[in-house]
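Rule-based calculations on the coordinates, nothing more; no lab input. Nothing here was measured: the structure is a model prediction, and the numbers come from that model. When we count neighbours, we look across all protein chains shown, and the Cβ atoms used for this are built from the backbone with ideal geometry, even at glycine.
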Amino acid sequence: MTDVTKEQVLETLKTVRGPDLEHNIVELGMVSDVFISDGKVYFSITVPAERAKELEPLRLAAERVIKELPGVKGALVALTADKKAAPASAPAASPAAHAGHGHEGHAHAPQQQPPRAGKIGVPGIKSIIAVASGKGGVGKSTTAVNLALGLQANGLRVGILDADIYGPSMPRLLKISGRPTQIDGRIINPMENYGLKVMSMGFLVDEETAMIWRGPMVQSALLQMLREVAWGELDVLVVDMPPGTGDAQLTMAQQVPLAGAVIVSTPQDLALIDARKGLNMFRKVEVPVLGIVENMSYFIAPDTGTRYDIFGHGGARREAERIGVSFLGEVPLTVSIRETSDAGTPLVASEPNGIVAGIFRDIAAKVWEQLHGQPQRPAPAIIFE
């Protein structure tokens with residue numbers, strides 16, 4: 001079986017007529033840059049926002065012809081609704097547009113569409129919460145995994161979505177390998193370990209593959225991993241956000257009815273400065289902040305029992321009090337957290353009766369308390385000009 005090339009994909013897509021029925025979608029500059037990994041083809045089709053719903057057959061046609069190409073194992077094709085997209089009735093002015101250069105990474109995702117009745121969440125999922133941080137290196141993904149396991153240990157049905165397209169970590173943190181299966185070539189079965197249902201870009205591409213996608217492709221992939229996965233019935237879906245306040249965070253805030261967000265920070269002032277950015281972003285898009293977790297809060301030497309506040313102490317608690325949100329708890333810096341994370345055996349699962357596992361279960365209980373009785377709301381429609 002020969003490997004399919006980007007040129008073959010684009011040439012095949014020239015057989016798909018655009019909305020004007022005269023020119024193909026490549027000539028019209030509607031096709032994003034094409035990404036191919038392990039025989040799977042990924043790209044998006046940019047359409048005017050007001051026509052996104054009616055042009056769904058266009059996406060299906062493009063997906064069908066690519067799946068029929070020799071060497072293609074699967075295709076992930078998404079519509080990206082762009083308020084500023086070129087009219088889908090004439091060829092684009094620049095021949096480079098089909099290579100993705102017609103987009104500047106600030107394309108507007110389907111939030112420009114009029115709200116559709118019943119599309120306020122994911123069927124079967126009662127609450128969706130985001131675990132976020134203003135910067136990397138604060139242990140956010142480890143916190144997200146153990147929070148999810150803590151919620152499960154408290155009797156809830158839980159799944160976790162790895163929203164970090166560029167640096168997915170769930171396959172390693174949860175010791176899951178292999179590729180997910182599909183239902184009817186469309187809906188993806190989530191992977192599973194420790195009783196958690198899991199979806200991550202890390203299951204679809206090789207670990208060392210560099211993802212070089214622009215904003216529209218990130219948005220499309222995120223929404224497909226959320227809405228086109230057979231999650232089943234879940235009480236909570238935990239979304240492990242990438243660090244910062246970029247495309248993934250905005251997509252989740254605009255497109256998904258998040259019940260709330262948990263902010264992870266370390267105690268020092270530098271981390272808290274970045275954490276405030278994440279807090280302010282969620283507040284601006286009307287997502288409730290459920291509370292702050294102070295990770296790496298302190299270190300207790302295993303040989304002497306002496307406590308060391310390596311990164312300072314109490315900064316996250318003071319910040320929570322200052323802005324009026326719940327302080328969810330202090331997680332210590334321990335060798336076992338590092339070892340179990342690297343080994344894919346999270347502490348809450350591998351040492352359920354340990355001190356740190358108890359801390360995570362307590363944090364999970366506080367998060368659930370914040371969520372309990374809180375109705376989910378449709379995500380606000382936000383337009384960035």
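Taking the average, over residues, of other Cβ atoms within 10 Å as the packing measure, peptides 16-22, 161-167, 290-296, 191-197 rank 290-296, 161-167, 191-197, 16-22 from highest down.
Kindly identify the stretch 232-364 as rounded, prolate or oblate by the Cα gyration tensor criterion: order the square roots of the eigenvalues as a ≥ b ≥ c, call it rounded if a/c is under 1.5, otherwise compare a/b with b/c, prolate if a/b is larger, else oblate. In terms of gyration-tensor shape, oblate. What is the distance in Å between the Cα centres of the stretch 281-314 and the stretch 128-156? Answer, in whole Å: 13.
Amide H contacts under 5 Å for V229: I188, restricted to partners 5 or more places along the chain or on a different chain, H placed in the peptide plane at 1.01 Å from N.
Using the structure shown, select from K14/K126; K175/K284; K73/K197; K53/K126; K73/K284; K53/K73 the pairs with a Cα to Cα distance greater than 32 angstrom. Beyond 32 Å between Cα atoms: K14/K126; K175/K284; K73/K284.
Can you find, among I300, L290, M199, the residue sitting farthest towards the positive end of the charge dipole of the stretch 125-373, where Lys and Arg contribute +1 and Asp and Glu -1 at Cβ? Of the candidates, L290 comes out farthest on the positive side.
In debye to the nearest 20, how big a dipole does the stretch 9-81 give about its Cα centre with +1 on each Lys and Arg Cβ and -1 on each Asp and Glu Cβ?
About 240 debye.
So if I take the centroid of the Cα atoms in the stretch 164-200 and the same for the stretch 33-71, what is the distance between those two points in Å? Cα centroid to Cα centroid, the span is 22 Å. Computed from backbone phi, the HN-Hα couplings of the stretch 46-58 come to 8, 10, x, 4, 6, 10, 4, 5, 6, 9, 4, x, 5 Hz, rounded to whole numbers (Karplus: 6.51 cos²θ - 1.76 cosθ + 1.60, θ = phi - 60°; Gly and Pro given as x). Across the stretch 13-19, rounded Karplus estimates of 3J(HN,Hα) from the backbone phi angles (6.51 cos²θ - 1.76 cosθ + 1.60, θ = phi - 60°) give 5, 5, 7, 9, 6, x, x Hz, Gly and Pro being marked x.
Using only Cα atoms, figure out Rg for the stretch 125-373 and give it as a multiple of 2.2 N^0.38 Å. Normalised Rg, Cα atoms only: 0.96.
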